[in-house]
Amino acid sequence: MAGLALAHISYTYPGAAEPILSDVTATFAPGWTAVLGDNGIGKSTLMAIAAGALSPDAGQVTPRSAVIATCSQDVAQAPANLDDFANDWSPEALRIRDMLGVGDDWAFRFGRLSGGERKRLQIACALAQQPDVLILDEPTNHVDMPTKQAIAIAMLSFTGELTAGDGNGAATDAASSALQLPQRDTNATPRRIGIVVSHDIDLVDAVARRCACFERRHVEHRNVTVVVMRPGNYTQMSQDAQVQESAAQAGLQQAKKESARLQRESAAREHDAALAATRWRANRQIDAHDHDARNAAKLAKMTSVDGSAGASKARLDARVAAAQAAVDASVVAAKRYDGELTAFAAVEPSHRTELLRLPAGLVPFNGDAFMPGEAPVDAADAASGAAALRGDASRMSAEGMPPVTVTMRHEADGVRIPELSVGPRDHIGLIGVNGAGKSTLAHEMMQRLGDSAADGGDFSSGGSASSTSGSDSAVRVLSIAQNTTDADAQLALAQLQGLDAQTRGAVLSAMAQLNADPDRISAAQASLSPGELRKLLLCLGIVRQPNLIVMDEPTNHLDLHSRQALARALATFRGAVLVVSHDMTFLKEAVTQLWVIE
C-alpha cells in the first residue's frame, strides 16, 4: 500500500453541540506514524473512522479495500478474534506469542489476566490478522518496561524495520537504547502501515518515522483542530514544531506592530483632515480684500497641508484594513494552561496518626479472605528489590529516585507482605512487573479503608470517594481505578450536573488547569475520552477534600502536559497518596517512597 488517506473528515457525536472533527485531512505512509495530541481532541475518533468502526458525517477513507486491524486502549475489551487466536498454532501465531511473551493459556482466561497481560494479548490478536494497516491506541498503558520493549520490537517487526538476526543487536540511537531495542534498519523500506496513538515519548522516539500532530490553532478569533504531519520521532518533531511556532509568533507580532503603526498614522491623518476642514470653513470667512490671508490658504492647499489630507487618509484606510486582515489570518497555537492544580493546595491532611495498618500475611489473588502470616523479606531481599527497581528504571539517573522502603513477594496464591502502614502525609508508589499483584494489594487496602461501603465503590473500575466510619476523625478517600467504562462516564457527568453552581465551577476550573475544555465537558453526553474521564473523576473527587488519594496507573490515557500537572499536584498534596504505576518519571516527582513487589 502506498498509503492510507483520510480526506476532509468531519464528525459530530450524537447530542454534541460542536463537531469533534471538522474538515480534517491526513495521509499515513508505510512505517509507523505516531498520532499525538491532548485528551479529547479527536485522535481515537479519527482512528475509528479510519478503521471503519465509525462513519464520518463528511469525507472519505481510501483505499477501502485495505485490511485494517485495531487494538483498543481499553484493556477490558476482549479482541473479536480471541477464540480464533486461542486455537491458532501456526508458525506465525507461535512467533507472535514468543515475541510478546504471551502464555499458551492466556486466551482461555482473558478476564483473569492483569492489565499488562491483556494488552500483550490484544496486540498479539491484532498482529495475527496479518493486516495491511495496524492501528494501536495507547499500546503501552498498563505495561512494565520489559513489556514495553517487547511491544516496540513487535511494532518494528510488523513494518519490517528490524535488522535481520536474532534481535540482540545494538541500539541505533539514544531513544532506542532507553528501551533497549534491537538495532533498527533505518534504510529499510517499510512493508506495511502502522499508526500508534500514544503519549509515551520513549515509544514514539523508538518507532515513529513521522508524527501526526492534533493541534488547537487560533484562527480568525476562534480555536480549530488541525492535523499537522511532521517528519521524525517525538524529539525531532518537537524541535520542528518549536521552530515553526516561534516563526508563527514572530510573524503575528510583526503583523500586530504594522497594524498598530498604520492605525496611529491613520489617526494622525484623520486629525489633519479635521484641521483641514476647519481651515476650509475658516477660509470661506476670509475678507475678499485680505490678499495675504487668501494667498496663505492657497499655499496650504498646494502643499497638501490642507485639501489633500482627507484623500490621503482615505487611501491609508485600505492599508489599515489589509494589516488587520493579516493579523486575523495569522495561525498560531491556541493558548494552553500549563499551571498548577490549585484545588490540591486547599486540602488538609487527616488528624489521625495512622490512616491504615495491614498486618503481615498473604493477600490472595482469588478474592479470598486475607491470611495473616509471617513477613516475607529480610535485608537481602530489600536490597534485591532496590536493585530490581534500578534495573526497571535503568534509563534514569539514580539521583533523586525515591527510596525503596518496603519489599513484598509475589507467590503462586497471592502477595506475601510484611506489616504495612500508611501515615497521614505518606506519598507511596507501588511498583512491580505485570501480574505481580499490585492492583490486588491496592484493592485489599481499599477494603480495609471501608471503600466497599461506598456507593458503587469498586477499585476495579471507575472512581469513588468515601469516608471511613467509627472514628472521631473520618478519613476521606478518593480512589480512581485503572479501568473505566461508559457507565462510569455517564455517572460522572450526572454527578457534575447535580452539583451546585459554585462547586461545579470549581470542578470545571480544575479541568481547565488540566487543559480540558470545560464547555465540551459540561455539554458532553457519553463521548468523553478515557483521558477526559480520568481528569473528571479526579476533579470531582478533589473538591470533596480527600485525606488520601489512591490511583491505579494514573498516567494511563493522560496527555503529556496533564501527566506533568498531575505529578506536580500530587507532590504538593498535603494528604496521603498511594499510586500504582509503571511510569518511573511520574513516580520520581509524585512520591517520596516506593513499595516493590518482587
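Annotation: of all residues in segment 85-113 being in a helix (DSSP H, G or I) and among the basic types (Lys, Arg), the one that is farthest from Thr440 (Cα to Cα) is Arg95. Which count do you get for residues in segment 566-593 that are outside any loop (DSSP other than H, G, I, E, B), farther than 20 Å from Met145 by Cα and modelled with pLDDT under 90? The total comes to 6. Contact annotation: residue pairs with Cβ atoms under 6 Å, 6 or more positions apart or on different chains, pairing a residue in segment 393-412 that is among the hydroxyl-bearing types (Ser, Thr, Tyr) with a partner that is at pLDDT 60 or above and open to solvent by less than 70 Å² (accessible area, probe 1.4 Å), are Thr405/Gln593; Thr407/Val596. Among residues of segment 35-63 being in a strand (DSSP E or B) and within 13 Å of Val196 (Cα to Cα), the one that is least open to solvent (accessible area, probe 1.4 Å) is Val35.
The one condition from (1) in a loop (DSSP other than H, G, I, E, B); (2) open to solvent by less than 30 Å² (accessible area, probe 1.4 Å); (3) modelled with pLDDT of 85 or more; (4) over 27 Å from Asn366 (Cβ atoms) that Met401 does not meet is (3). So is Ser157 in contact (Cβ under 8 Å) with a residue 12 or more places away in the chain, surrounded by fewer than 20 Cβ atoms within 10 Å (Cβ to Cβ) and either within 26 Å of Lys438 (Cα to Cα) or within 27 Å of the chain's Cα centre (by Cα) (or both) or not? So Ser157 fits the description; yes.
Residues that are within 18 Å of Val197 (Cβ to Cβ) and either at pLDDT 95 or above or of a type in the set (Lys, Arg) (or both) within segment 87-121 comprise Arg118, Lys119, Arg120, listed in sequence order. Restricting attention to segment 64-91, the residues that are acidic (Asp, Glu), open to solvent by less than 60 Å² (accessible area, probe 1.4 Å) and more than 26 Å from Asn556 (Cβ to Cβ) total 1.
Table: residues versus (1) open to solvent by less than 10 Å² (accessible area, probe 1.4 Å); (2) modelled with pLDDT of 80 or more; (3) farther than 23 Å from Ile20 by Cβ; (4) in a strand (DSSP E or B).
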{"residue": "Ser466", "(1), (2), (3), (4)": "no, no, yes, yes"}
{"residue": "Ser473", "(1), (2), (3), (4)": "no, no, yes, no"}
{"residue": "Arg504", "(1), (2), (3), (4)": "no, yes, no, no"}
{"residue": "Leu536", "(1), (2), (3), (4)": "yes, yes, no, no"}
{"residue": "Asn556", "(1), (2), (3), (4)": "yes, yes, no, no"}
{"residue": "Gln564", "(1), (2), (3), (4)": "no, yes, yes, no"}
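Which of the residues that make up segment 542-551 are of a type outside the set (S, T, N, Q) and either touching a Lys or Arg at 6+ places or on another chain (Cβ under 8 Å) or surrounded by 24 or more Cβ atoms within 10 Å (Cβ to Cβ) (or both)? Scanning segment 542-551 gives Arg544, Pro546, Leu548, Ile549, Val550, Met551. Taking the residues in segment 475-498 that are open to solvent by 40 Å² or more (accessible area, probe 1.4 Å) and among the aliphatic types (A, V, I, L, M) as candidates, determine which candidate is modelled with the lowest pLDDT. Residue satisfying both the conditions and the ranking: Ala487.
The set of residues in segment 140-153 being of a type in the set (Gly, Ala, Ser) and surrounded by fewer than 23 Cβ atoms within 10 Å (Cβ to Cβ) consists of Ala150 alone.
The values are calculated or read from the model by the stated rules, or taken from the named source; none is laboratory data. Here the structure is a predicted model, which means the values were calculated and not measured. Glycine gets a Cβ as well: all are built from the backbone with ideal geometry, and neighbour counts include every protein chain shown. These area figures cover heavy atoms from the full protein model, side chains too; ligands, DNA and RNA do not enter into them. Shrake-Rupley method; radii C 1.70, N 1.55, O 1.52, S 1.80 Å.
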